[in-house]
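Peer 1: Pasting in a structure now, in structure tokens, and then I'll have a few things to ask.
The values are calculated or read from the model by the stated rules, or taken from the named source; none is laboratory data. Model, not experiment: these values are computed from the prediction. Cβ coordinates were reconstructed from backbone atoms using ideal geometry, including for glycine residues, and neighbour counts include every protein chain displayed. Just the protein is used for accessible areas: all its heavy atoms, side chains included, with ligands, DNA and RNA removed. Shrake-Rupley method; radii C 1.70, N 1.55, O 1.52, S 1.80 Å.
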Amino acid sequence: MLNEKDEASLPIFKHIIKYAINKVNSNSTGVNFNYEFEEYDGSSLFEVVNASCNLLTKDVVVVISPDISNNIANQADVFNSVKMPLIASAATDSYLQTAGRNQLYVMAPSDLTQAQVLVDLLTKFGWTKLSLISSDSNYGIHSATTLQQLLIERTADVTAEEEFDASVYFFEAVSDPADLYLEDILKNVVESLDRVFVLHCEDYYGRFVLEEAYNAGLLSEDFVWIVTESIVSTPQSLRVRTTDNNYYFPIYYEGLIGISLYVDTVNPTYRDFKRDAVSSLAGEMKGSDITPLVAMLYDAAMLATTALQDNINELTGTVADARCGNNKWAAGKDIARFLTTTNYTGASGSYNLDRNHAKDHDSQYRIVNFIDPGTGLDSGFSGIGTWTTAQGLKITSGDIQFLGGVKKTPTGIADTLEGQHLKVGALHAPPFAINANVEGCKEIECWEGICPKIVKRLAEDLNFTYEFVEPKDKKYGLLTKTESNPTGEWDGMVGDLLKKRIDIIAMDLSVSSQRRSYIDFTFSYLDSGISVIMKAESKTDNRFFFLSPFAFSTWVAIFIAFALISVFQTIFGKLSPFDQHGIIAFANETCCCKSCEDPTDDSAKCLATEAQKEINADSISLINAVWVIGGSLLGQGGEPLPRSPSGRMIVLTWWFFVLLITNMYGANLTAFMTLDNQGVPISKPSELLIQTDYKWGVRHESITAVLLENNIETNYQKLGSQSEDVPSFHSGMEMVDEGGFAFIEDTLWLEYYIFDSCEIFFLLKYREEGFFHDLWNEQGKRIEERKCGKDSVGSDKMLSFQTLIGIFYVLILGVLVSVTLLILELTVATIRDNSHDGKTTFLERLKRRLKLAFVATSFQRKRKGRRSKLPISPLPAISPVEPEISSENQEENCKV
């Protein structure tokens, strides 16, 4: 049976059958065989059935058909009804050999095996995103289904980055390939981002599909086309006829990748067959006409005749009773037994038609590359690798040429959007996307807002066109799981994206780990969080509101610091030899008036006595230090201030500490006064859970609800699980406006919608806002520009000691620096001390100085009266030099 639609193959098939039968008869000593050709229009089911019934009237015993799977299925149904054996030499449909077709014998490996070859080839080159183009015939549909099934199975075993993503396009299998309508398919393919295509269809459609794809610009550099066995095994179907009836291969085939049945051309049996066939049919066949399908057709005829020759004596029935509609042919059972018990090795390989030894168990394929367009079949496909059931895929050539003459393996991923048309998922959600009140409008002029402006800018920069598509359910996208569907199904824009109704989503789509496991996200262009808003109910009274900014621990720490700094200031004032107390105390105890008189003064005043009049013992007391330190704490002054470096250092540190503390106190007090005036009894998330005045809620099935329920914080999980379901955003805002309700929602949405409401304000934030770019400032309503202020109460919590501990660290550091300076002061003053006899050590002098610092004050009081009674010897006014006094007299005077 021969399909007249195979114009290029039809004469070759006839020649090879004639050659096979003549060869058998020439070598036969007994039985002679005849052949009968039945031609039909394979595009018509009626013609196929009619031709099958007509053939049964010609006393046949075995039918051989090199037709495609669709027609083989119809022929098998006819012949099986009368028990007529049918050998299909080329059909590959995995679904052909059903239980109702036990008289059908398939020689070629099934499409399931070819699909395995395809998947291995795609995996080898990393081409995980592809489009499958096929006819809508049974052959095409079954092939596509088989390939999809394997891709899904392979995807289950790989990581998310390696998942296969296949789009399937079917064209109508019209009777005349020249009438193929591919415009819609190619339009969708051009607008997609796919760069790898698998063409799986009947051989006579291949040339026309590739021609249309070339005209659409899909056979250029960076594209990959893989054609399957039905096309590669009959390459003559790809040739184009010229006006003078010559044939050639178009140059744009150069770089095609193909899969074909493997025939060992080095095998002596094949070489003998090819040589003898060409020489016996001189002028009718060329060597290039001996394709794998031709070799398999020859082997089909040889297998059938061999089986009959070996078993002819066991044939019990006649042939004349095989008719459509008649009783089943008795001899059919015998013929079937002959065929299934015959092992045959021929030009194309070894065969056993027993279904338990199907060809799939030992299949071989050849991976080919179209690299040399020309006029002959030999100038087309060349082998670059093999695939076997046992060893899998092996690429044996390192010199593979891809479309456009490219040697480097294409990535299979589009690296440009130029010329593409994208379907952009969008939803009316001001200010991000605003549909101009036109239901279902896809025109870009109907859309305004932040996201449409971003898409417009991208389209201008990347040179693509686009349209907006709204989800039918008006949702962003949530995964819903049920008992009947435990894996879940996505709705909204995410569902549209996964189902390829849209190409991208351009909206304020929150990123979650669940969504990220299904779709890819760009970097965020705005950073947001979750906030709670509520309406102020009434004012509250807090008589001790001024204590609210700081926690109790902070107040205790401040007063401890105040007391310690006062003590340190007192100690430093006494110990420092460069402060006024240390200077005068040391002078009083180490100098007598005779040696410490002012020579420039006519009254010859005693320096020590005069200094004592100026010093006030209370100036270095603890009470005075408390006054000075406390005055600075409250923003007031205090006297006297220290003169020594160590004393001044500790005061400067205290002033810096006071500056930070007072500023923080003032800022937080303002927030608490706002909270108090607006009557909000809630200051942190956990308080919503322990109060009864306010209910709270989140939008049903929103990303906010998902984030709360899956939060690692227990309180946030409770907020989500115990919240009320709010049907929509506007419903939530209405519930807030009615009072007694807190609405938990995305921060940016809340900022936009409460801009003109001064009664509604932020209660708290779970995450601070990030950077808002110019589009948000232009399109959005910034909350800080509200006429009634920002009204955010998310930062009004008490400041604890742990929060402010860094400031106390600064204070401690200042004290340590001051102690260091004091030690240096004592060291320097002790070294420079000349009020000794030169025999005392450094430590002795230091000890005396420290002792004088603490006893001098009381000693001064006791000696004050006695010192005022001492006589003062006037010095000559004309002499600025102190009179010489003997050491003996000086010592005596000091003793006095």
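Peer 1: Could you please find all residues in the range 800-829 being farther than 17 Å from V658 by Cβ, open to solvent by 80 Å² or more (accessible area, probe 1.4 Å) and modelled with pLDDT of 80 or more?
Peer 2: The answer is L816, I823, L824.
Peer 1: For residues that are part of a loop (DSSP other than H, G, I, E, B) and open to solvent by 30 Å² or more (accessible area, probe 1.4 Å), tally how many sit in the range 181-225. Walk me through how you get there before you give the answer.
Peer 2: Quick first cut of the range 181-225, residues part of a loop (DSSP other than H, G, I, E, B) only: 181-182, 192-193, 195, 201-202, 216-223.
Then drop every residue that is not open to solvent by 30 Å² or more (accessible area, probe 1.4 Å), which leaves 181, 193, 216-217, 220-222.
So the count comes out to 7.
Peer 1: In addition: Checking the conditions here, which among L218, L199 is at negative phi, without any contact (Cβ under 8 Å) to a residue 60 or more places away in the chain and in contact with a helix residue (DSSP H, G or I) (Cβ under 8 Å, 6 or more places away or on another chain)?
Peer 2: L218
Peer 1: Within the range 240-247, can one find any residue that is more than 24 Å from W127 (Cβ to Cβ), open to solvent by 20 Å² or more (accessible area, probe 1.4 Å), in a loop (DSSP other than H, G, I, E, B) and touching a strand residue (DSSP E or B) at 6+ places or on another chain (Cβ under 8 Å)?
Peer 2: Yes, some residue in the range 240-247 is more than 24 Å from W127 (Cβ to Cβ), open to solvent by 20 Å² or more (accessible area, probe 1.4 Å), in a loop (DSSP other than H, G, I, E, B) and touching a strand residue (DSSP E or B) at 6+ places or on another chain (Cβ under 8 Å).
Peer 1: Give the range 475-499 a look and list any residue that's assigned to a strand (DSSP E or B) and buried (at least 18 other Cβ atoms within 10 Å of the Cβ), or say none.
Peer 2: Within the range 475-499, L479, W490 meet the criteria.
Peer 1: Within the range 88-102, which residues are in contact (Cβ under 8 Å) with a residue 24 or more places away in the chain and either of a type in the set (D, E) or surrounded by fewer than 23 Cβ atoms within 10 Å (Cβ to Cβ) (or both)?
Peer 2: D93, S94, Y95, L96, Q97, R101, N102
Peer 1: Looking at the range 249-277, which of its residues are open to solvent by 30 Å² or more (accessible area, probe 1.4 Å) and either at pLDDT below 85 or in contact with a Leu (Cβ under 6 Å, 6 or more places away or on another chain) (or both)?
Peer 2: The answer is Y252, Y262, D264, T265, V266, N267.
Peer 1: Limited to the range 699-727, what total is found for residues that are at pLDDT 85 or above, part of a loop (DSSP other than H, G, I, E, B) and either within 21 Å of G492 (Cα to Cα) or in contact with a Gly (Cβ under 8 Å, 6 or more places away or on another chain) (or both)?
Peer 2: Qualifying residue count for the region: 2.
Peer 1: While we're looking at this one, here's another question. Restricting attention to strands (runs of 3 or more DSSP E) lying wholly within the range 351-449, give those where 2 or more residues are farther than 30 Å from Y253 by Cβ and either under 31 Å from the mean Cα position of the chain (by Cα) or modelled with pLDDT of 85 or more (or both). Spell out the reasoning first.
Peer 2: Working: elements: 364-370, 381-388, 392-395, 421-425.
Those strands (runs of 3 or more DSSP E) span 421-425.
Peer 1: Can S260 be described as within 22 Å of I395 (Cα to Cα), assigned to a helix (DSSP H, G or I) and in contact (Cβ under 8 Å) with a residue 40 or more places away in the chain? Walk me through how you get there before you give the answer.
Peer 2: On the way: within 22 Å of I395 (Cα to Cα): yes; assigned to a helix (DSSP H, G or I): no; in contact (Cβ under 8 Å) with a residue 40 or more places away in the chain: yes.
Against the criterion (within 22 Å of I395 (Cα to Cα), assigned to a helix (DSSP H, G or I) and in contact (Cβ under 8 Å) with a residue 40 or more places away in the chain), S260 does not qualify.
Peer 1: Against the definition (modelled with pLDDT under 75 and open to solvent by less than 20 Å² (accessible area, probe 1.4 Å)), how does A322 come out, yes or no?
Peer 2: Yes, satisfied.
Peer 1: Still on this structure: Run down L308, L297, L303 and say which single residue is at pLDDT 85 or above, crowded, with 16+ Cβ neighbours inside 10 Å and touching a Pro at 6+ places or on another chain (Cβ under 6 Å).
Peer 2: Sole residue among the options that is at pLDDT 85 or above, crowded, with 16+ Cβ neighbours inside 10 Å and touching a Pro at 6+ places or on another chain (Cβ under 6 Å): L297.
Peer 1: Given the structure, is K472 over 23 Å from the mean Cα position of the chain (by Cα) and open to solvent by 40 Å² or more (accessible area, probe 1.4 Å)?
Peer 2: It is true that K472 is over 23 Å from the mean Cα position of the chain (by Cα) and open to solvent by 40 Å² or more (accessible area, probe 1.4 Å).
Peer 1: Tell me which of these D77 doesn't satisfy, since it passes every other one: (1) under 30 Å from K394 (Cβ atoms); (2) open to solvent by 40 Å² or more (accessible area, probe 1.4 Å).
Peer 2: Against the list (1) under 30 Å from K394 (Cβ atoms); (2) open to solvent by 40 Å² or more (accessible area, probe 1.4 Å), D77 comes up short only on (1).
Peer 1: State whether one or more residues within the range 27-42 are in contact (Cβ under 8 Å) with a residue 40 or more places away in the chain, of a type in the set (S, T, Y) and open to solvent by less than 10 Å² (accessible area, probe 1.4 Å).
Peer 2: No - not one qualifying residue is present in the range 27-42.
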